[in-house]
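Undergrad: Please find one structure pasted underneath; my questions will follow.
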There are 4 protein chains.
Amino acid sequence: MSDIRDIQNALIKFRDERDWEQFHNAKDLAVALNIEASELLELFLWKSANEADHERIKEELADVFAYALLLASKYELDVKEIVLAKIEKNALKYPINKSKGIAKKYTDL
Amino acid sequence: MSDIRDIQNALIKFRDERDWEQFHNAKDLAVALNIEASELLELFLWKSANEADHERIKEELADVFAYALLLASKYELDVKEIVLAKIEKNALKYPINKSKGIAKKYTDL
Amino acid sequence: MSDIRDIQNALIKFRDERDWEQFHNAKDLAVALNIEASELLELFLWKSANEADHERIKEELADVFAYALLLASKYELDVKEIVLAKIEKNALKYPINKSKGIAKKYTDL
Amino acid sequence: MSDIRDIQNALIKFRDERDWEQFHNAKDLAVALNIEASELLELFLWKSANEADHERIKEELADVFAYALLLASKYELDVKEIVLAKIEKNALKYPINKSKGIAKKYTDL
């Protein structure tokens, strides 16, 4: 079984042991994901990119993955499939010859 | 090779084809992650949990995974390892007997 | 003097007493604003709209205003002017006859 | 009448002309605030602090103020009062002698 599926199973087991599925509607999962992403970002506040605490990065990034994986599970999405599909779509929005070495959004290319 | 590693390799290839690693410092990756999480959340704005557009959920969630995986890669973190470690840590913060069926933050338990 | 200017002066005094202007570049102010907005949102996590703690709403909303006002100050923007201008711009994006009672984004109208 | 009250009246008029109050529960207002804060932050993505587009800063910051002011209105909060109260509270968390020239969070002081 894949790593992704292993992690999702552990997350679901943790959730069900605590009877928390009742709270895990998609909107609140998306809210939780945003809160965790923000806690990760806070580790860089007033600092430069290489000054964030590595131990705390591990924890906050883990929380971000937890909610992203629970959302993927909720919508029965294959994580590898949707990310590879998005990479292909992005290849069209950001052709190499137009975007190489350039940080502009595709709407500004 | 694991699914996670496959996705990370595809993301890194896409980044390097465009010479984008120069922009991918950890702070900006964390900012990008927050922006994508917010775009996902926007799909639920003014709506109830089950009204979000499924096609767009796939895209925005894929973007969230993309930046989370690039960050994990940047810090050389094993995604499965850090999430399972965080689940164990959470088991201590949220003992089943205290948190079953309850949505409170551990600081309010 | 306007209320807005009074608050900004108090914020700037607080900042300067602590010699914090060195950290208050616009990007970090925007990051801080996002973090505070997220802390406000967290008060609604797993809850319905009317269940958030009113005392904590006051504090977190105050923090959001603090960073928004510091940003307005940094860019020498008149808050009343920019919000009224945006309302006018929104009136064009959301004509009453097309958007009355409808929660769609203007791109979906 | 204060500037703050003028802006709030304009926002409420815009909302009521479109019969949008039905969507403006506090939770969705907080979600909208986060989305706008994120759109403001996006102007700094992959850039340094002084590279953000000033015209777009005006617009996105105006959107942040719009939702923050609608939330203040919803909870019948006096913006000046709550921000000044928070500044006083912060003065206790960040005594000048301990925090001068230091960017640490009060929990790390």
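The values are calculated or read from the model by the stated rules, or taken from the named source; none is laboratory data. All of these numbers come straight from a predicted model, not from anything done at the bench. Cβ sites come from the backbone with ideal geometry, for glycine too, and all protein chains shown count toward neighbours. What goes into the accessible areas is simple: the full protein's heavy atoms, side chains included, and nothing from ligands, DNA or RNA. Shrake-Rupley method; radii C 1.70, N 1.55, O 1.52, S 1.80 Å.
Undergrad: Can A:Ala37 be described as within 14 Å of the chain's Cα centre (by Cα), within 25 Å of B:Ile102 (Cβ to Cβ) and at the interface with another protein chain (Cβ under 7 Å from one of its Cβ atoms)?
TA: It is true that A:Ala37 is within 14 Å of the chain's Cα centre (by Cα), within 25 Å of B:Ile102 (Cβ to Cβ) and at the interface with another protein chain (Cβ under 7 Å from one of its Cβ atoms).
Undergrad: I've got another one for you. I'm trying to understand the selection: among the residues of segment B:35-59, which are buried (at least 20 other Cβ atoms within 10 Å of the Cβ) and polar (S, T, N, Q)?
TA: Listed by number, the list holds a single entry, B:Ser38.
Undergrad: Does C:Ala62 fit the bill of being small (Gly, Ala, Ser) and either open to solvent by 50 Å² or more (accessible area, probe 1.4 Å) or at pLDDT below 95 (or both)?
TA: No; evaluated as a whole, the condition is false for this residue.
Undergrad: Here's a follow-up. Touching a Phe, Trp or Tyr at 6+ places or on another chain (Cβ under 7 Å) and among the small types (Gly, Ala, Ser): does that describe C:Ala62?
TA: no
Undergrad: Moving on to the next point. Within segment B:40-84, how many residues are more than 8 Å from every other protein chain (Cβ to nearest Cβ) and under 26 Å from B:Asp16 (Cα atoms)?
TA: 7
Undergrad: Further, regarding this structure: If you go through segment B:80-98 one residue at a time, do you hit one that is closer than 21 Å to C:Ile35 by Cα, assigned to a helix (DSSP H, G or I) and open to solvent by 40 Å² or more (accessible area, probe 1.4 Å)? Give the steps one after another, and end with the answer.
TA: First, pick out the residues of segment B:80-98 that are closer than 21 Å to C:Ile35 by Cα: none.
The answer is no, given that none of the residues of segment B:80-98 is closer than 21 Å to C:Ile35 by Cα, assigned to a helix (DSSP H, G or I) and open to solvent by 40 Å² or more (accessible area, probe 1.4 Å).
Undergrad: Looking at A:Glu21 and the list (1) in contact with a Leu (Cβ under 9 Å, 6 or more places away or on another chain); (2) within 14 Å of chain C (Cβ to nearest Cβ); (3) open to solvent by 20 Å² or more (accessible area, probe 1.4 Å), which single condition is not satisfied?
TA: Here A:Glu21 clears every test but (1).
Undergrad: Mind listing whichever residues of segment D:15-47 are outside any helix (DSSP H, G or I) and touching a residue at least 24 places away in the same chain (Cβ under 8 Å)?
TA: Within segment D:15-47, just D:His24 meets the criteria.
Undergrad: Just to check your reading of the model, which residue among D:Ile4, D:Ile12 is surrounded by fewer than 20 Cβ atoms within 10 Å (Cβ to Cβ) and outside any loop (DSSP other than H, G, I, E, B)? Steps first, please.
TA: Working: D:Ile4 fails: surrounded by fewer than 20 Cβ atoms within 10 Å (Cβ to Cβ).
It is D:Ile12.
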